[in-house]
1. Filter the stretch 70-85 down to the residues that are charged (D, E, K, R) and surrounded by 15 or more Cβ atoms within 10 Å (Cβ to Cβ) and list them by number.
2. Against the definition (under 15 Å from the mean Cα position of the chain (by Cα), at pLDDT 95 or above and assigned to a helix (DSSP H, G or I)), how does Glu51 come out, yes or no?
3. Among residues belonging to the stretch 138-164 that are among the aliphatic types (A, V, I, L, M) and touching a strand residue (DSSP E or B) at 6+ places or on another chain (Cβ under 8 Å), point out the one that is surrounded by the fewest Cβ atoms within 10 Å (Cβ to Cβ).
4. State yes or no: is Cys72 touching a residue at least 40 places away in the same chain (Cβ under 8 Å) and either touching a helix residue (DSSP H, G or I) at 6+ places or on another chain (Cβ under 6 Å) or assigned to a loop (DSSP other than H, G, I, E, B) (or both)?
5. Before we move on, is Ala25 surrounded by 15 or more Cβ atoms within 10 Å (Cβ to Cβ), at pLDDT 95 or above and not acidic (Asp, Glu)?
6. Looking only at the stretch 58-69, which residues are touching a helix residue (DSSP H, G or I) at 6+ places or on another chain (Cβ under 9 Å) and either touching a residue at least 12 places away in the same chain (Cβ under 8 Å) or buried (at least 24 other Cβ atoms within 10 Å of the Cβ) (or both)?
7. Restricting to the stretch 34-57, and then to whatever is of a type in the set (S, T, N, Q) and touching an Asp or Glu at 6+ places or on another chain (Cβ under 9 Å), can you tell me which residue is surrounded by the fewest Cβ atoms within 10 Å (Cβ to Cβ)?
8. Taking only the stretch 86-106 into account, find how many residues are in a helix (DSSP H, G or I) and open to solvent by less than 50 Å² (accessible area, probe 1.4 Å).
Amino acid sequence: MTILKGRRSIRKYKDEEISEEIISAAIEAAKFSPTARNAQPWIIGVVKEKETINKLSELATHGKFIKDAKLCFAVFTEKEHKFFLEDGCAATMQIILGLWSYGVGSCWIAGDKMEYADDVRALLNVPEKYTLVSLIPAGYPADITIPSKKSAEEIYFSEKYSEE
């Protein structure tokens, strides 16, 4: 629960390298994501080259801060898979939590239905049968903001929903 409760969206990063061990652990976390019918319809790119990271930053409408990250994961799924979005989102969250377990921050940047999805796919030379689900810039946090969260009573109901 400490990892789950402590995770934050990080948009400012230190200039500190992320080890291959941590990158591999994040990929391993994605590998064990829940997936409908065990389809595992994903492929995950790890971008480290600064020039490509800068291009991703330019493409992503709400991800200009990608340029400051040490690396960026790109999660793609087979678009013909019925549950491509659910499975890709599960893999995304597993990567984010896997990184955070090592103190590496990240931020989920939407890919599905975004106007830049095909441009990112083309930039990374990913076959057309895949669609972008998310970009995940990663790095050691330079700054952490702690947002307020709703109380449990505000977000759940028991048995059947009621306004009372």
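1. Let us first name the residues in the stretch 70-85 that are charged (D, E, K, R), namely 70, 78-80, 82.
Correct list: Lys70, Glu78, Lys79.
2. Against the criterion (under 15 Å from the mean Cα position of the chain (by Cα), at pLDDT 95 or above and assigned to a helix (DSSP H, G or I)), Glu51 does not qualify.
3. If we filter the stretch 138-164 for residues that are among the aliphatic types (A, V, I, L, M), which is where we start, we get 138, 142, 144, 146, 152, 155.
In the following step, the residues that additionally are touching a strand residue (DSSP E or B) at 6+ places or on another chain (Cβ under 8 Å) were identified as 138, 142, 144.
Values: Ala138: 26, Ala142: 14, Ile144: 11.
For the stretch 138-164, the residue satisfying everything is Ile144.
4. Yes, satisfied.
5. Numbers: surrounded by 15 or more Cβ atoms within 10 Å (Cβ to Cβ): yes; at pLDDT 95 or above: yes; not acidic (Asp, Glu): yes.
Criteria met by Ala25.
6. Kept after step one, since they are touching a helix residue (DSSP H, G or I) at 6+ places or on another chain (Cβ under 9 Å), are these residues of the stretch 58-69: 58-60, 63-69.
Once the filter is applied, which keeps residues that are touching a helix residue (DSSP H, G or I) at 6+ places or on another chain (Cβ under 9 Å) and either touching a residue at least 12 places away in the same chain (Cβ under 8 Å) or buried (at least 24 other Cβ atoms within 10 Å of the Cβ) (or both), the stretch 58-69 yields Leu59, Ala60, Gly63, Phe65, Ile66, Lys67, Asp68, Ala69.
7. Filtering first and then ranking leaves Gln40.
8. Of the stretch 86-106, the ones in a helix (DSSP H, G or I) are 86-100.
Then keep just the ones that are open to solvent by less than 50 Å² (accessible area, probe 1.4 Å); that gives 87-92, 95-100.
Selection size over the stretch 86-106: 12.
The values are calculated or read from the model by the stated rules, or taken from the named source; none is laboratory data. All of these numbers come straight from a predicted model, not from anything done at the bench. We place every Cβ from the backbone using ideal geometry, glycine too, and count neighbours over all the protein chains shown. What goes into the accessible areas is simple: the full protein's heavy atoms, side chains included, and nothing from ligands, DNA or RNA. Shrake-Rupley method; radii C 1.70, N 1.55, O 1.52, S 1.80 Å.
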